[in-house]
1. Say we look at segment 368-402 and pick out the residues that are closer than 30 Å to residue 288 by Cβ and buried (at least 17 other Cβ atoms within 10 Å of the Cβ); which of these is modelled with the lowest pLDDT?
2. Here is a check on your reading of the model: is residue 646 surrounded by fewer than 18 Cβ atoms within 10 Å (Cβ to Cβ) and at pLDDT below 80?
3. Could you look through segment 163-192, keep only residues that are in contact with a strand residue (DSSP E or B) (Cβ under 8 Å, 6 or more places away or on another chain) and part of a helix (DSSP H, G or I), and pick out the one that is surrounded by the fewest Cβ atoms within 10 Å (Cβ to Cβ)?
4. Looking at segment 636-649, can you tell me whether even one residue there is closer than 21 Å to residue 583 by Cα and assigned to a helix (DSSP H, G or I)?
5. Tell me yes or no: at least one residue of segment 36-49 is within 21 Å of residue 244 (Cβ to Cβ), part of a loop (DSSP other than H, G, I, E, B) and modelled with pLDDT of 80 or more.
6. For residue 523, are the conditions met, namely being farther than 30 Å from residue 435 by Cα and surrounded by fewer than 19 Cβ atoms within 10 Å (Cβ to Cβ)?
7. Test residue 263 against the criterion of being modelled with pLDDT under 90 and either touching a strand residue (DSSP E or B) at 6+ places or on another chain (Cβ under 8 Å) or not in a helix (DSSP H, G or I) (or both), and give yes or no.
8. Could you tell me whether residue 741 is under 30 Å from residue 363 (Cβ atoms) and modelled with pLDDT under 85?
């Protein structure tokens, strides 16, 4: 006999096959069949023209045959089997039978919640207080535990006392809806309770958001007969089996009613560990692959858990990771369906640029016309490259990978995708060089800040504290705020991630409540705190507490908890995580000593080690007199900024002139500043008591004002070039026009 390959032990189904089988299942149910036949699979393939099989069937003009009038041979159709009467018409009207949905395969598989399901089964099997309430944060899977219970009952994997029971999820909102007159709600609830009581040995009622039974249908103020009071007698007599689900905060509403709370047995549902969340995603992968017709890589599932756990700290696993893979699948699928729109967008852009180029030639703006011509040529090349690839190949697998997950996280958090996927180690190792590109001088300050961040990211610092906490000391205008901006841009992708709080606004005792919110009973209690809310909304931020020495001493009591534990509880009881923030505080204490010693101060200057230690002690003495030791001990580094020297002022002046260069370049004008002009501006704009801050105003007054006049009177036009020099104690502007280029 010829050698034959052994049959495979397992088959890997593509998303298209999974989708076809699910569609065949729905088609069989719609036709009342009790099994899935070949005709249902064929009809499902024909209903999906995007698949290769659907394309062939449609090309052959195949139309699915109508369901036969008589039942086919084989198992009897489900529609002809009379469904036994439930005996609970009112409950069926306002609820969903989860066990029936589980038998039909319309409930997602429940993975990793065996312990919670076992506890629920144990409580339901008790003689008294057999009403479990699942308590946990939103998104941890409380409803999934009940669905897992329904699946076990449908499979018969429960004790005998629970066999054959129905788990019905009651919609309390639907019960309240439409009750116009007093007594309507009570009548509905009483009918439901009577039905449950008469079938207590066959029913388990699930009430999601259990806290809503307190006050539901009570008729407002003075109405005492709410859903909770209607359920109490039946619960006390053990005539109802109720499973509830609510959050820990909302459970407090039930605890206020001791008579109601004692009827329930709490079961805590914790957030799953990241490893368990990955297993949950693997169990749900088939469902989402069939729905979106994509394929999820295993790395994408791991990335969904890791990135959501790191960047979406205000939500809980596995809900936030499931949302990521769901949105990423939809995004990848929609991109594949609309590739042709990208080409049309490029064509429209090329047409618009052609009109702009013609207008630029008419206005004699030749340099702009040349630039537009090059952009049009580039667009045409991109259109030619994309022209042959606009159609999706039949049978081509669409893959959701790590990059697709990172894009979704980027859109939700505002952190650039490259910051999520690039190797963070290499970026951190270049942090010091990156900061030096924006901060001139202050080598010691940049090094100290970089080292502290590296220690935190390497895992050598406490994970329960902020990434870094720094106190910047030095006179005004030496680069304290600029270093904070540069650090925010390097760590979080943009200097917009820097949140600035002026601590001079918190000099009075009563202003401390603005940081975390007003306590209960005070005006504005509903409003969030200025510090806690901004971190809750943007957990990856740099907090700049400017002029911290001006704040009231009670403010430092609030900061102690942030610096030590990395968290803070606001007035509404919410715990805000500060472990992903960098905290920078600035102060002018000791700046007099720095100013007196001038540019000779600093670790980079000359002098013996003893001299440097004496200088530092002279600067830090006012700090110790003003701040308490427990506050200073919680700060990672006290960074001293020295005064700027002439060479550094020239570099700062050149950096500030860059904005002027960019403004003129956007208008097609070149500008050059000679060394003499830069030296003149640096000397003119520097004041020791104000640092480099007046330099910007000097450039605006001496350079930008004169360039504005040249632009408005037509002396300086597009295609021109201006040279700025220093002659006879003032700036000189020389303008040269370039000839029009060939188009």
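The values are calculated or read from the model by the stated rules, or taken from the named source; none is laboratory data. Keep in mind it's a predicted model, so treat the numbers as computed, not measured. Every residue, glycine as well, gets a Cβ built from its backbone with ideal geometry; the counts of neighbours run over all protein chains shown.
1. Let us first name the residues in segment 368-402 that are closer than 30 Å to residue 288 by Cβ, namely 386, 389-402.
Imposing the further condition that a residue be buried (at least 17 other Cβ atoms within 10 Å of the Cβ) reduces the set to 398, 400, 402.
Details: 398: 86, 400: 92, 402: 90.
The qualifying residue modelled with the lowest pLDDT is 398.
2. yes
3. Top of the filtered list is 172.
4. No - not one qualifying residue is present in segment 636-649.
5. So the first thing to find is which residues in segment 36-49 are within 21 Å of residue 244 (Cβ to Cβ), and the list is none.
No, the conditions are met nowhere in segment 36-49.
6. Here the answer is yes, as residue 523 does meet what is asked.
7. Numbers: modelled with pLDDT under 90: yes; either touching a strand residue (DSSP E or B) at 6+ places or on another chain (Cβ under 8 Å) or not in a helix (DSSP H, G or I) (or both): yes.
Yes.
8. Values: under 30 Å from residue 363 (Cβ atoms): yes; modelled with pLDDT under 85: yes.
So residue 741 passes the test.
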